[in-house]
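In what follows, a structure is listed as structure tokens, so that the remarks can point back to it.
The values are calculated or read from the model by the stated rules, or taken from the named source; none is laboratory data. Note that the structure is predicted; figures quoted are calculated from it, not measured. We place every Cβ from the backbone using ideal geometry, glycine too, and count neighbours over all the protein chains shown. When the accessible area is computed, the model is the full protein with side chains, heavy atoms only, and any ligands, DNA or RNA have been set aside. Shrake-Rupley method; radii C 1.70, N 1.55, O 1.52, S 1.80 Å.
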Amino acid sequence: MYFDSWSGFLAMEGHGLYVWSAYAIALAVIAYNLIAPLMAKRRVIVQVRRQVRLVQRKVIVNEVTTGSGDDTENRTERQEEGLESVKRSAQ
Amino acid sequence: MNWTFFHKLGSPKWFYDISGKWLPWLQVLSLVLILVALVWGLAFTPPDYLQGNSYRIIFIHVPASFLAQSVYVMMATAAAVTLIWKIKLADMALKVMAPIGASFCILSLVTGAIWGQPTWGTWWVWDARLTAMLILLFLYIGIIALRGAIHTTEAAAKACSILSLVGVVNIPIIKFSVDWWNTLHQGATLKLTEKPSMAAEMLWPLLLAILGFYLFFTLVMVLRLRIEIISRERKTRWVKELVS
């Protein structure tokens, strides 16, 4: 260690304010670069999930309204599911 | 020669998978290196005979400045790849590198100003090196703004690539500004061809800091690139499976 004491280390022989503010700003830039991707990741995953759900719901609503489906048994089951999800989204 | 490697390199899914394995190494190495270098530089190196303790800003200022310029060169390279081969991953890289480069360009300018006050007696002068560095920041901001202004991905990729390539002319101007003009800014401390004009006890922490900053950039770029891949490949099955 070059400095004799903590106060000497903080004062930096009169240059303390310059040196420490430069290091504080460097820390802020490093923190920004770490936090920004974490927040972006959460945002993007929510977006993609919402889109996947939206597409699924559209398919179900389409089946309910047009009555299309492979077989009658499967259709009624999916219609109920679809109606429920439409109700849920309306609430 | 086996060309499958080259094709894989441009595949977003392949990059997503392999980069996941790099992340823990990059996190630990970059942060440990930066911590060691900065503590070393702050507390264990002797002061400069001329500048006193204010020179300790060098351990941030020089790595940040190197990074600000290298990131721009990498962006210009990605821009060329985007224009010539139309590789999607290259344009994603171009997009995610811009804010990282800009943040280190700001760090370089601000720490330079803080260093300038006790050393030159002024925060800012319009000398060649400082002005060229400010133009670099404007280029970064311009590229980010340009992408925000264009909504089609393909058109934005093309426009940003062209702007990045045009702007690269500024990089040699920054580099040689201290030789071409009489600047207040000092000449290069580190040169590839000559012995550094710096004592070893100051040089080692500086080299460590530079390495740490570059690794940190790689880490942040990989983190951002992975998010960009999820965002742009959202219609593929593997991304849908990944998020659900």
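Worth pointing out:
- Residue check for residue B:63: in contact (Cβ under 8 Å) with a residue 40 or more places away in the chain, assigned to a helix (DSSP H, G or I), more than 22 Å from residue B:172 (Cβ to Cβ) and out of contact with any Ser or Thr (no Cβ under 6 Å at 6 or more places or on another chain): no
Matching residues to (1) in contact with a helix residue (DSSP H, G or I) (Cβ under 8 Å, 6 or more places away or on another chain); (2) of a type in the set (A, V, I, L, M); (3) at pLDDT 95 or above:
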site	(1), (2), (3)
B:12	yes, no, no
B:26	yes, yes, yes
B:30	yes, no, yes
B:47	yes, no, no
B:50	no, yes, no
B:54	yes, no, no
B:68	yes, yes, yes
B:76	yes, yes, yes
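- Within the range B:223-244, the set of residues being of a type in the set (S, T, N, Q) and either within 28 Å of the chain's Cα centre (by Cα) or open to solvent by less than 50 Å² (accessible area, probe 1.4 Å) (or both) comprises B:231, B:236.
- In the range B:119-145, the qualifying residues are those that are open to solvent by 50 Å² or more (accessible area, probe 1.4 Å) and under 18 Å from residue B:103 (Cα atoms), and the one that is farthest from the chain's Cα centre (by Cα) is B:145.
- So residue A:22, is it at pLDDT 85 or above and touching a Ser or Thr at 6+ places or on another chain (Cβ under 6 Å): yes
- Residue tally, condition exposed (fewer than 14 other Cβ atoms within 10 Å of the Cβ) and facing chain B (nearest Cβ under 7 Å), over the range A:36-61: 0
- Within the range B:73-80, not a single residue is within 22 Å of residue B:106 (Cα to Cα), part of a helix (DSSP H, G or I) and in contact with a His (Cβ under 6 Å, 6 or more places away or on another chain).
- Sole residue being more than 11 Å from every other protein chain (Cβ to nearest Cβ) and either farther than 22 Å from residue A:34 by Cβ or not small (Gly, Ala, Ser) (or both), chosen from B:195, B:235, B:240: B:195
- In the range B:123-158, the residues that are hydroxyl-bearing (Ser, Thr, Tyr) and touching a helix residue (DSSP H, G or I) at 6+ places or on another chain (Cβ under 6 Å): B:140
- Among residues of the range A:16-35 that are more than 7 Å from chain B (Cβ to nearest Cβ) and more than 14 Å from residue B:108 (Cα to Cα), those with a beta-carbon under 7 Å from a residue that is open to solvent by 20 Å² or more (accessible area, probe 1.4 Å) and in a helix (DSSP H, G or I) at least six positions away or on a different chain give the pairs A:16/A:10.
- In the range B:66-73 there is no residue matching the filter, namely being of a type in the set (Ser, Thr, Tyr), surrounded by 19 or more Cβ atoms within 10 Å (Cβ to Cβ) and within 14 Å of another protein chain (Cβ to nearest Cβ).
- Comparison of B:57, B:34, B:100 shows that the only residue that is in a helix (DSSP H, G or I), farther than 14 Å from residue B:206 by Cα and within 14 Å of another protein chain (Cβ to nearest Cβ) is B:100.
- No other residue among A:51, A:56, A:79 is part of a helix (DSSP H, G or I) and modelled with pLDDT under 75 apart from A:79.
- Summed over the range A:1-12, the residues that are over 16 Å from residue B:58 (Cβ atoms), within 7 Å of chain B (Cβ to nearest Cβ) and open to solvent by 50 Å² or more (accessible area, probe 1.4 Å) give a count of 1.
- Yes/no for residue B:220 being within 12 Å of chain A (Cβ to nearest Cβ) and open to solvent by less than 60 Å² (accessible area, probe 1.4 Å): yes
- Residue list for the range B:37-54, filter: small (Gly, Ala, Ser), part of a helix (DSSP H, G or I) and at the interface with another protein chain (Cβ under 9 Å from one of its Cβ atoms): B:43, B:54
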